[in-house]
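Reading through the C-alpha cells given below for one structure.
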Amino acid sequence: MVATIEWTPAGVVMIDQTRLPKEERYVTCTTYEEVAEAIRSMVIRGAPAIGVAAAMGVALGALRAEAGRLDEEFETICATLAATRPTAVNLFWAIDRMKRLYASLRGKPVEEIRAALAREAQQMCLEDIAINESIGRNGAALVPDGKTVLTHCNAGALATAGYGTALGVIRAAVSAGKKIDVFADETRPFLQGARLTVWELQQDGIPTTLITDNMAGHFLKSGRIGCVVVGADRIARNGDVANKVGTYSVAVLAKENGVPFYVAAPVSTLDLTLTTGDQIPIEQRSATEVTEVFGVPVAPGGTKVENPAFDVTPNRYVSAIITEKGVARAPYEESLPRLARYTERT
Ligand code: MRU
C-alpha cells in the first residue's frame, strides 16, 4: 500500500495525486503555505487525507514560525489551511484538534509546543489508518459474496492516511475470503476513479473494471452489482451525505434497482451541527477541469461551465453508514448522534 502522506525531517511528503497513474512522484512541502497549495490543487485529496495534511501543515507552520510571534502566526496558519477546500469537514475537524492542543499548551516553552504539535499530527496519521481498518472490519459483512462492488471517486488509501474507507471495506471483504470484484466509475471531471482507484486496486491485485460514469445505471440494472460502497466528505445529522459529484445519481439508480448503497466514513466526517445536507457548502472548482482533459480542450472555447465538486445524497437512498464505531441505519437522527456520543466516551 502506498504512503499517501508522511511527516519527515525534510518536510511533509505526499504522493502527487495529480500525476498518478502516469508518474509516481512525491512532493515535499516545507512550509504551511505549500501544504495549503497541495490541498487546493489536489496533490493530496480525499476528506481524511486532507485532514491529516492540514494537521501536518499546522505543525509545520508552528515549527517554522518565529518563536516570539507564534501566537499571532498560529491564527494565520490555521486560517490559511482552513480556506483551502470547503466541503470535507475532516479538514476543519483536524485544524480544530490542533487548535485545542495549542490552547492547552499555553505558557509552555516554544520547543515543547512545536514538538507536541508535530507528535499530534503524526498521531492523527496513525489513528486514521487504524480507524479505516475498523471501518473495513465493520463493513466487510455487508458486502455480498460472489458479486461486484461499485464505487465512485477514490475513497481508498490515497484519500486517507492509508487503507481507505470505501476501499477499506472492499479490502477487508477480500481479506475475509469473499470472491468479489470492483467496478470503478471513472469520476469526471478529475478522474479519481480511473486514475486513482483503478491504480490503487491494481497494486493490491483486486480485480477491477473501469466504467464511465454514465454506464453505472446499465450495470446496476443488470443484477451483477451486489452493493455500492462510497466514501463521504460530510454527513449531516439526518444522514444526508456529501460526496464526489455523481454519487447522488448512483444512489438513486441503486435504490431503483434494489441494490444496497453504503457510505463508509470515519466519525470525524459527521457534522452533527447541520440538520440536513442542504446546509453543506459545496465547493465550485475551475471550469478548465470540465473543458479540458489533461490540458487538452474537449469543448469549444468560451463554453459556459458548472463544476460543483460534490453533491448531496438524501438519507432515503443510504442503506447504511459504516463507521469505525459501528454501522448506523435510519433513522440517522438517532443512530448518528449515538455513534458520536459513543466516540466521545472512548
Ligand atoms: O475532490 P476529492 O477527490 O477530494 O473528493 C474525494 C471524495 O469525494 C471522496 O469520496 C471522499 O473524500 C471520501 S475519501 C475517503
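The values are calculated or read from the model by the stated rules, or taken from the named source; none is laboratory data. Everything numeric in this text was worked out from a predicted model, so none of it was measured. Here Cβ is always computed from backbone atoms with ideal geometry, including for glycine, and neighbour counts include all displayed protein chains. Quick note on the areas: whole protein, heavy atoms, side chains included, nothing else; ligands and nucleic acids left out. Shrake-Rupley method; radii C 1.70, N 1.55, O 1.52, S 1.80 Å.
A few notes on this one:
- In segment 141-161, the qualifying residues are those that are within 11 Å of the ligand (Cβ to nearest atom) and assigned to a loop (DSSP other than H, G, I, E, B), and the one that is surrounded by the fewest Cβ atoms within 10 Å (Cβ to Cβ) is 161.
Every residue, every condition in (1) in contact (Cβ under 8 Å) with a residue 40 or more places away in the chain; (2) under 16 Å from the mean Cα position of the chain (by Cα), yes or no:
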{"site": "23", "(1), (2)": "no, no"}
{"site": "29", "(1), (2)": "no, no"}
{"site": "33", "(1), (2)": "yes, no"}
{"site": "40", "(1), (2)": "yes, yes"}
{"site": "67", "(1), (2)": "yes, no"}
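- For segment 86-108, the count of residues that are modelled with pLDDT under 95 and either within 15 Å of the ligand (Cβ to nearest atom) or open to solvent by 40 Å² or more (accessible area, probe 1.4 Å) (or both) is nonzero.
- Of all positions in segment 4-12, none carries a residue that is touching a residue at least 24 places away in the same chain (Cβ under 8 Å), of a type outside the set (S, T, N, Q), closer than 27 Å to residue 187 by Cβ and in contact with a Lys or Arg (Cβ under 8 Å, 6 or more places away or on another chain).
- Residue in segment 20-42 that is farther than 21 Å from residue 234 by Cα, within 13 Å of the ligand (Cβ to nearest atom) and out of contact with any His (no Cβ under 6 Å at 6 or more places or on another chain) present: yes
- Where residue 63 falls short, out of the listed (1) over 21 Å from residue 156 (Cα atoms); (2) surrounded by 24 or more Cβ atoms within 10 Å (Cβ to Cβ): (2)
- Selection within segment 221-249 - under 14 Å from residue 315 (Cβ atoms), assigned to a loop (DSSP other than H, G, I, E, B) and not acidic (Asp, Glu): 232, 237, 238, 239
- Applying the criterion of being closer than 26 Å to residue 125 by Cα, part of a helix (DSSP H, G or I) and open to solvent by 10 Å² or more (accessible area, probe 1.4 Å) to the residues of segment 263-284, the residue that is farthest from the ligand (Cβ to nearest atom) is 267.
- Here residue 222 meets the list (1) free of Cβ contacts under 8 Å to residues at least 12 places away in the same chain; (2) of a type in the set (S, T, N, Q); (3) within 9 Å of the ligand (Cβ to nearest atom) almost entirely, failing just condition (3).
- Verdict on residue 118 being more than 19 Å from residue 88 (Cα to Cα), within 16 Å of the ligand (Cβ to nearest atom) and either over 18 Å from the mean Cα position of the chain (by Cα) or surrounded by fewer than 19 Cβ atoms within 10 Å (Cβ to Cβ) (or both): no
- Among the residues making up segment 21-37, a single one is part of a strand (DSSP E or B) and open to solvent by 80 Å² or more (accessible area, probe 1.4 Å): 26.
- Hey, residue 252 modelled with pLDDT of 95 or more, outside any loop (DSSP other than H, G, I, E, B) and in contact with a strand residue (DSSP E or B) (Cβ under 9 Å, 6 or more places away or on another chain) or not: yes
- Test: residue in segment 205-216 that is within 20 Å of the chain's Cα centre (by Cα) and open to solvent by less than 10 Å² (accessible area, probe 1.4 Å): no
- Taken over segment 289-346, the criterion of being among the aliphatic types (A, V, I, L, M), assigned to a loop (DSSP other than H, G, I, E, B), closer than 27 Å to residue 188 by Cβ and open to solvent by less than 80 Å² (accessible area, probe 1.4 Å) is satisfied by 299, 305, 309, 318.
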